[in-house]
1. For region 12-36, how many residues meet the condition of being over 14 Å from residue 66 (Cα atoms), surrounded by 11 or more Cβ atoms within 10 Å (Cβ to Cβ) and not aliphatic (A, V, I, L, M)?
2. Could you tell me whether any residue of region 92-106 is aliphatic (A, V, I, L, M), closer than 14 Å to residue 41 by Cα and at pLDDT 95 or above?
3. What residue, among those in region 28-70 that are of a type outside the set (A, V, I, L, M) and in contact with a Ser or Thr (Cβ under 6 Å, 6 or more places away or on another chain), is farthest from residue 122 (Cα to Cα)?
4. Would you mention how many residues in region 87-120 are in contact (Cβ under 8 Å) with a residue 60 or more places away in the chain and either among the polar types (S, T, N, Q) or in a loop (DSSP other than H, G, I, E, B) (or both)?
5. Quick test for you: out of 147, 120, pick the one residue that is over 18 Å from the mean Cα position of the chain (by Cα), closer than 30 Å to residue 10 by Cβ and modelled with pLDDT under 95.
6. Can you list residue pairs whose Cβ atoms sit under 8 Å apart, with the first residue in region 124-151 being closer than 16 Å to residue 42 by Cβ and the second being modelled with pLDDT of 85 or more and of a type in the set (Lys, Arg)? Count only pairs 6 or more apart in sequence or on different chains.
7. Taking the options 68, 61, 77, name whichever one is over 16 Å from the mean Cα position of the chain (by Cα) and within 20 Å of residue 23 (Cα to Cα).
8. Can you pull out the residues in region 91-116 that are surrounded by 17 or more Cβ atoms within 10 Å (Cβ to Cβ), farther than 16 Å from residue 63 by Cα and of a type outside the set (A, V, I, L, M, F, W, C)?
Amino acid sequence: MADETSTPVFQIQRLYLKDLSLEQPNSPQILLEQAQPQVDINLGLGAEPIGDGMFEVAVTATVTTKVADKVLFLVEAKQAGIFEIRNIPDDQLQPIIAIACPNIIYPYLRAIISDVCTRAGFPPVVLAEMNFQAMYEAQQAQAGNGAAAAIN
């Protein structure tokens, strides 16, 4: 039988909506506009240790929709999870936090954004699928290039 102190552990302790905001600063006048709105979507990822072997990982989406130069609506949502991650080699911990955890959280965030837009009286904004592995690899490559530039 494997020793429990060395068995790798990766468990979801809880998934939750940490923050949600909807603003319609130019309503009701802007709702009469017939122009096609511009949609800008920004994603953010954050993680922090919250205890021994426990991490909170959060994915944030900010959706800003404008007609001309006026905001039609702005939605910001932060979906988070608490993960127990133990007995994982240090070189594998960061990829788990930056790839596996967001892959679990992100579908919930997509549903929330779509639902809030619909409930606010607008067509749903459906966030595109995300490849968190590609994002992580790009960040690592960029960090590597920055370190190489600092050495030169």
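1. Matching residues across region 12-36 total 5.
2. No, every residue in region 92-106 fails to be aliphatic (A, V, I, L, M), closer than 14 Å to residue 41 by Cα and at pLDDT 95 or above.
3. Per the criteria, the residue is 44.
4. Total meeting the criteria: 3.
5. None of the others qualify; the one that does is 147.
6. Qualifying pairs under 8 Å: 126/110; 127/110.
7. 68
8. Within region 91-116, 102 is the sole residue that qualifies.
The values are calculated or read from the model by the stated rules, or taken from the named source; none is laboratory data. Here the structure is a predicted model, which is why all the values come from computation and not from measurement. Glycine also receives a Cβ, built like all others from the backbone with ideal geometry; neighbour counts cover every protein chain displayed.
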